[in-house]
Every structure is written in C-alpha cells, then in structure tokens.
Amino acid sequence: MQVTIFCTVVDNFGDIGICWRLAKQLHHEHQCDVLLYVDDLASFQRICPDVDPIQPAQTIEGVRVGLWSEDFIALANDTPQLLIEAFACKIPQPYLLQCQLLKQVPVWINLEYLTAESWAADCHGLASPQAGLSLKKYFYFPGFTERYGGLLREATVVAQAHAIRQDRALQADFWQRVGIADAMQFSRKISVFAYSQQGISSWFDWLAAQTATSLLLVPQGVLAQQLSTEYPALAHGRLQLGALTVQIMPFVPQPDYDLLLACCDFNFVRGEDSIIRAHWAGRPFIWQIYRQDEQAHLQKLHAFLDLMLEDAPLPLVDLIRRAHDAWEQEQNFVDVWTELASNHSQYADYVLEWQRKLTAHEDLASNLVRFAKNKHIIPRTFS
C-alpha cells in the first residue's frame, strides 16, 4: 500500500514525533511504501538525527521524506492509496485535485489529536464531503478504547520496556550510552518533560532535603530554560542541591526516549506523543496536557483520567487526580508529591494493569490499514 502523510510541525516536536513513528511502523510492520511531507526538517532532525535539514528529498529508515515548502511540488511516484492529513494541517488544494484524478483515488484521513472525550468516539470514522472535491475526508480519532482508532504501538515496544525494567544491567548500559554514567547510583530517577512550571523550586527543596537521592532529568526546552534562569549553575548542565541532582539532557532519538521512560521511576510527560510512550514504558506518570485558552484542556485531561482510573481503588483515584491538577495548575504540588512517593508501588501496579487493558485493543497503524481496505477503494491484495 502506498501511504502519503502530510505534517506541519507544531509545538516543536509533538506532531512530527507522532507522524514519524506512524510512518516507520506502516513501513516496517505493514510493508507500506510511505512518503512523509514535513514543513520543518530542522525540528524533525532533533528527534531523528539522520534527517538532513537542507535536503528536500531523502529516504530515512525506508521512509521517503519530502520538504513541504511554500512552493510545494509533489515528489515523483506520489500516488497515494491512503492519504493522511495529520492534525488538520490542510493539504494543498492542487495536490488534492491531482489525487481525485488518479485511477485509484486515495482514502483520505484527517488524523485527529488524541482525546478521551466521548464526542470524539461518536465522530470517529465519519466522512465529510469537501467543497470543490469529489474526495471524501474521514475523521479518525486515536483513543483508548475500541470506539476510537487505537494508539500508536509498535509490535515490540511493550516487551522492550518490560525487559529493561527488569534488568539493571540493561539499564546501566543505557545510561552509559546517553552519557549519564552515574545514574544507577541514585535512589530514584525522574524524567520531567514539561511546559513552564512556576513554583517548582519548592518541590526541588523537598527532594533536596530527603535522605534518598533523586536524579531529575529535564530535556532541553521551555522548562530547562526556566530552570537555567532560576538556577544559573544549570548553565553547565547539572545542578546539585543536597540529595537532588538536576541534569539537563539534549533531545534524544525516539527509541532512546522510550528507553529513558522505562528506566526512570516516575515520568512527567507533556503533549500527545510522550503520554503514549509513557503508557508503554509501564512506569507511573503525570500528563501535562497541551494548554488551551480558558482552561479548555482541563476537560480533556479529566476525560482521560475518568477513563484511566475507572477500575482503580478510590484512594488512588483521588491521589492521581489531585496530582495531575496540582501539576497542571502549578500549585501545591509538594504536598501531593509526598503522597505519590508514599504510594509509588500502588500507582506502578495500576499503570501496568491499565497498560494490559490498552494492549488488548488493536494499534493505530493496523487500524488505519484495515480502515482503508474496508472502504473497498484499495484492493484487498495490498498489504
């Protein structure tokens, strides 16, 4: 099957992170010929070092990559059978007009953002006629139950995370490879991928005053910049505060980020791509959802927590809700963190139970391929 994906880079890495994972999985696990158009190759390179940001056409890990510029011209042999418009990025009209003239017109998917809200399940898979086009666009919502389109999940990612969680030698090898040779010496390791977080210094003070040592890993970005202003010593990449060590990390390739999450005891994640990876890592997490005007994002966050915590014991439900709200609203986080630390093992067990429930459903890439075939536009002989 030939698949073409259009992606604009929003918030630096989230959208391209998802599109790149999807493109690779469609190619490697479903033998699709995948063409990925991206409008910002420099940001793409941050999560995939093999990208050449000045090369308008290149092939990486078997996926063809093209630059989507203002004077966009489709690459040769671009005759999609599945056309994916990632996150309402608006495919150029001349390109769509060419597609509707193909002998075999593509199934056109608008791949939506992840949400647990019930209205999205009602809209999932619905067709929308497009003015001036004979093509229909189908709304496709990733999600956490069989009513949605599934989650990005490669065939080996869960088993890989399980293996490294159980093996300290594998963990030590990973930390050596990413340049943090002393990571295994710390009592707890916490990754913090977040937006700006006012008042975080009070949490740092609490961690610094504990007997147990903590290593806090902060990727380069908004929060790292904020912390470097508050703590000038971080300009050198590492800060020591009593029992707390804060380490600024460069962005790592996606496979290493997956391992990082599995090697940490607790993960703070933001946006869409990293929350999905946190699920497969199988470690306790807090999700900082993409902020929207008038606090609209909190409704999405609470819909997710309603679903995730449906079978959790009530004390854990209350704790995890309060922890997410405190982190999201940047207030009184230290108090709830002390409870999280005391209940870490219970949260860890529940994350694995929730993970097992999710892996009972088909993954996003497999569902997309099946959806396209079931439209009877793509012949059944294609893989």
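The values are calculated or read from the model by the stated rules, or taken from the named source; none is laboratory data. Keep in mind the model is a prediction, meaning the values are calculated, not measured. Cβ sites come from the backbone with ideal geometry, for glycine too, and all protein chains shown count toward neighbours.
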Look at G242 and say whether it is modelled with pLDDT under 95, on the phi > 0 side of the Ramachandran plot and assigned by TED's automatic domain parsing to the domain that holds S345. no
Can you tell me which condition D273 does not meet? The list is (1) among the acidic types (D, E); (2) under 19 Å from the mean Cα position of the chain (by Cα); (3) surrounded by fewer than 23 Cβ atoms within 10 Å (Cβ to Cβ), and all the others hold. (3)
Specify which of the listed residues (D122, D173) is within 20 Å of F371 (Cβ to Cβ), out of contact with any Ser or Thr (no Cβ under 6 Å at 6 or more places or on another chain) and in a helix (DSSP H, G or I). D122
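Taking the conditions exactly as written (in contact (Cβ under 8 Å) with a residue 12 or more places away in the chain, surrounded by fewer than 22 Cβ atoms within 10 Å (Cβ to Cβ), closer than 15 Å to I190 by Cα and assigned by TED's automatic domain parsing to the domain that holds I180), does I286 satisfy them or not?
Details: in contact (Cβ under 8 Å) with a residue 12 or more places away in the chain: yes; surrounded by fewer than 22 Cβ atoms within 10 Å (Cβ to Cβ): no; closer than 15 Å to I190 by Cα: yes; assigned by TED's automatic domain parsing to the domain that holds I180: yes.
It is false that I286 is in contact (Cβ under 8 Å) with a residue 12 or more places away in the chain, surrounded by fewer than 22 Cβ atoms within 10 Å (Cβ to Cβ), closer than 15 Å to I190 by Cα and assigned by TED's automatic domain parsing to the domain that holds I180.
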The number of residues in the range 293-321 that are among the acidic types (D, E) and either in a loop (DSSP other than H, G, I, E, B) or touching a residue at least 60 places away in the same chain (Cβ under 8 Å) (or both) is 3
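What tally of residues in the range 323-348 results from selecting those that are assigned to a helix (DSSP H, G or I) and either more than 20 Å from E117 (Cα to Cα) or hydrophobic (A, V, I, L, M, F, W, C) (or both)? Steps first, answer last, please.
In the first step, residues of the range 323-348 are kept if they are assigned to a helix (DSSP H, G or I); the result is 323-328, 333-342, 344-348.
Now restrict to residues that are either more than 20 Å from E117 (Cα to Cα) or hydrophobic (A, V, I, L, M, F, W, C) (or both): 323, 326-327, 333-342, 344-348.
The qualifying residues number 18.
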Among the residues of the range 23-39, write down those that are in contact with a helix residue (DSSP H, G or I) (Cβ under 6 Å, 6 or more places away or on another chain) and either hydroxyl-bearing (S, T, Y) or buried (at least 19 other Cβ atoms within 10 Å of the Cβ) (or both). Q25, L26, C32, V34, L36, V38
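Any chance you could count how many residues in the range 55-78 are in contact with a His (Cβ under 7 Å, 6 or more places away or on another chain) and either surrounded by fewer than 13 Cβ atoms within 10 Å (Cβ to Cβ) or in a loop (DSSP other than H, G, I, E, B) (or both)?
Let us first name the residues in the range 55-78 that are in contact with a His (Cβ under 7 Å, 6 or more places away or on another chain), namely 62-63.
Imposing the further condition that a residue be either surrounded by fewer than 13 Cβ atoms within 10 Å (Cβ to Cβ) or in a loop (DSSP other than H, G, I, E, B) (or both) reduces the set to 62.
So the answer is 1.
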Test each condition in (1) modelled with pLDDT of 95 or more; (2) in contact with a Phe, Trp or Tyr (Cβ under 9 Å, 6 or more places away or on another chain) for I54 and report the one that comes out false. (2)
Restricting to the range 136-180, give me the number of residues that are under 30 Å from L83 (Cα atoms) and of a type in the set (S, T, N, Q). 2
Pull out all pairs, ordered by first then second residue, where Cβ-Cβ is under 6 Å, the residues are six or more apart or on different chains, the first lies in the range 322-348 and is assigned by TED's automatic domain parsing to the domain that holds H302, and the second is loosely packed, with under 14 Cβ neighbours inside 10 Å and among the hydroxyl-bearing types (S, T, Y). V334/S202
L239 vs (1) touching a residue at least 40 places away in the same chain (Cβ under 8 Å); (2) in contact with a helix residue (DSSP H, G or I) (Cβ under 7 Å, 6 or more places away or on another chain): all pass except (1)
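Restricting attention to the range 130-177, report how many residues are within 30 Å of V218 (Cβ to Cβ), of a type in the set (V, I, T) and surrounded by fewer than 18 Cβ atoms within 10 Å (Cβ to Cβ).
Step one: list which residues in the range 130-177 are within 30 Å of V218 (Cβ to Cβ), which gives 142-144, 151-154, 156-177.
Right, trim to of a type in the set (V, I, T) and you get 156-158, 164.
Imposing the further condition that a residue be surrounded by fewer than 18 Cβ atoms within 10 Å (Cβ to Cβ) reduces the set to 156.
So the count comes out to 1.
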If only one of A341, A312 is hydrophobic (A, V, I, L, M, F, W, C), touching a Phe, Trp or Tyr at 6+ places or on another chain (Cβ under 6 Å) and surrounded by 14 or more Cβ atoms within 10 Å (Cβ to Cβ), which one is it? A312
